[in-house]
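S.K.: Have a look at this one before I ask anything.
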Amino acid sequence: MEAGLKDKISLVTGGGSGIGEACVRLLHASGAKIVIADVNENAAIRLADELGENAAAVQVDIASGESCQAMVDTTLKTFGRLDIAINNAGVTSIHSPITQLPLEEWRRVMAVNLDGQFLCLKAEMPAMAASGGGAIVNMASVMASVAVAGASAYVASKHAVVGLTKAAALEGAPQGIRVNALGPGYVETPLLQKASRDRLDEIASMHALGRIAHPSEIAAAAAFLISPAASFITGTYYPVDGGYLAR
């Protein structure tokens, strides 16, 4: 897999922390040239400076088409083409029943989690087509297959990402572009680490493996899907959930 990623021009949104940072580190260690895109410009710059050669940072608001296009344009200006994209950036939602969920909150989640994925694809796919193809991973969730009460906006957005991924895969295939969605279970992130010990134990017990994922485990699955080892895989939803969906 590492040989297959060497010198590939890669773009990761939400790359400054969490799963995105783990993806950046793995791709860079595998020899890829990487653009770290994040709404938190300082986080992206910090990581790019740490990685040094073959890493660049760019600020992006994926809810803005202009910002997504500028992100891709910066990638092309810096490295000359685009081979790989991991569209990882996303937001969670407040916990609320549908009857009490403000429309503004619904639209905020959709603007990032769904519109943002669409706008990234809209900018990325022409750039990949121009260089002969590529591979894209859209970050979904186990909540793209199931649901929990009180998370309607997040659940709906992640279900929609899978449908968008399938449509993009069909459109990208004639141009040599593969598009897949990844479905992480619960992952060790700064947000989850704020939960109580009892809550963390409860979440861990939802997974057949009895634990929460490390970001590097999600990054490894993403790296597989964008590698030549997955050359006949497109239009799929690929859970990486420790058995969450098996229950």
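Read-outs: derived from the displayed coordinates by stated rules, not from any lab. Only a predicted model underlies this, so the values are computations on that prediction, with no experimental measurement involved. FYI the Cβ positions are ideal-geometry reconstructions off the backbone, even for glycines, and counts take in every protein chain you see.
S.K.: Can you pull out the trypsin sites (Lys or Arg not before Pro) in region 1-75 that DSSP calls coil and that have at most 14 other Cβ atoms within 10 Å?
M.R.: Numbers: sites: K6, K8, R25, K33, R46; in loops: K6, K8.
Sparse-neighbourhood loop trypsin sites (Lys or Arg not before Pro): K6.
S.K.: How big is D, in µm² s⁻¹, for the chain by Stokes-Einstein at 20 °C and 1.002 mPa s if Rh is the Kirkwood radius over C-alpha pairs? Each step should come with its number before you reach the end.
M.R.: On the way: Rh = 18.0 Å.
Using the Kirkwood radius from Cα pairs, D works out to 119 µm²/s.
S.K.: Right, next: Apply the Karplus curve 6.51 cos²θ - 1.76 cosθ + 1.60, θ = phi - 60°, to the phi angles in region 177-182 and return the couplings in whole Hz, x for Gly and Pro.
M.R.: 10, 9, 9, 9, 10, 10
S.K.: For every helix of n ≥ 4 consecutive DSSP H residues, a contribution of -39,500 (n - 2.57) applies; sum these over the chain, divide by its total residues, and give [θ] at 222 nm rounded to the nearest 500 deg cm²/dmol. Working shown, then result.
M.R.: Working: 9 runs with 110 residues, N = 247.
Per the formula, -14000 deg cm²/dmol.
S.K.: I've got another one for you. ³J(HN,Hα) across region 85-98 via Karplus (A = 6.51, B = -1.76, C = 1.60, θ = phi - 60°), whole Hz, x for Gly/Pro?
M.R.: Taking θ as phi minus 60°, the curve returns 9, 10, 8, 9, 4, x, 10, 9, 10, 5, 8, 7, x, 3 Hz for region 85-98.
S.K.: Apply the Karplus parameterisation 6.51 cos²θ - 1.76 cosθ + 1.60, with θ equal to phi minus 60°, to every residue of region 53-64 and state each ³J(HN,Hα) to the nearest whole Hz, in sequence, with x for glycine and proline.
M.R.: In residue order, the calculated couplings are 4, 6, 9, 9, 10, 8, 7, 8, 10, 5, 7, 10 Hz.
S.K.: Give the long-range amide H neighbours of A55: residues separated by 5 or more places, or on another chain, with amide H under 5 Å away, using H modelled in the peptide plane at 1.01 Å from N.
M.R.: I34
S.K.: Using Cα pairs under 8 angstrom and six or more residues apart, how large is the relative contact order of region 68-170, in percent? Spell out each step's value before the answer.
M.R.: Working: 118 pairs, mean separation 38.0, N = 103.
Reported as a whole number, the value is 37 percent.
S.K.: Please identify the helices of the chain, taking whole runs of DSSP H, that span at least 20 Å along their own axis as judged from the Cα atoms and have a mean Kyte-Doolittle score of 0.0 or higher.
M.R.: Numbers: long enough: 65-79 (21 Å, -0.05); 115-130 (23 Å, 0.47); 152-172 (29 Å, 0.58).
Counting only whole DSSP H runs, the qualifying helices are 115-130, 152-172.
S.K.: Using modelled backbone amide H atoms (1.01 Å from N, in-plane), which distant-in-sequence or interchain residues come within less than 5 Å of Y238's amide H?
M.R.: Correct list: A181, L182, G183.
S.K.: Please report the orientation-averaged projected area of region 105-178, defined via the convex hull of its C-alpha atoms, in nm².
M.R.: Working: hull surface 18.7 nm².
Over every viewing direction, the Cα hull of region 105-178 projects on average to 4.7 nm².
S.K.: Moving on. With 10 angstrom as the radius, rank E124, E188 by how many other C-beta atoms surround their C-beta, starting from the fewest.
M.R.: Lowest count first: E188, E124.
S.K.: Same structure again: Give me, ordered by chain and number, the residues 5 or more places off I86 or on other chains with an amide H under 5 Å from its own placed amide H.
M.R.: Close amide H contacts, sequence-distant or interchain: L11, V12, T13, V137.
S.K.: Going by the alpha-carbon gyration tensor, a ≥ b ≥ c the square roots of its eigenvalues, is region 144-223 rounded (a/c under 1.5) or, if a/c is not under 1.5, prolate (a/b greater than b/c) versus oblate? Write down the numbers at each step before the final one.
M.R.: Working: a/c = 3.01, a/b = 1.81, b/c = 1.66.
Because a/c hits 1.5 or more and a/b exceeds b/c, region 144-223 counts as prolate.
S.K.: Using the per-residue mean of other Cβ atoms lying within 10 Å as a proxy for protection, in what order, highest first, do the peptides 156-168, 200-212 fall?
M.R.: On the way: 156-168: 20.9, 200-212: 14.9.
Result, highest mean first: 156-168, 200-212.
S.K.: Still on this structure: Treat region 94-238 as a sphere of radius equal to its Kirkwood radius over Cα pairs and apply Stokes-Einstein at 25 °C in a medium of 0.890 mPa s; give the translational diffusion coefficient in µm²/s, rounded to a whole number.
M.R.: Working: Rh = 16.5 Å.
The Stokes-Einstein estimate is 149 µm²/s.
S.K.: Taking only Cα atoms and a 10 Å spring cutoff, compute GNM fluctuations for the chain and point out the largest among D73, D198, D38.
M.R.: Comparing D73, D198, D38 in a Gaussian network model of the chain, the most mobile one is D198.
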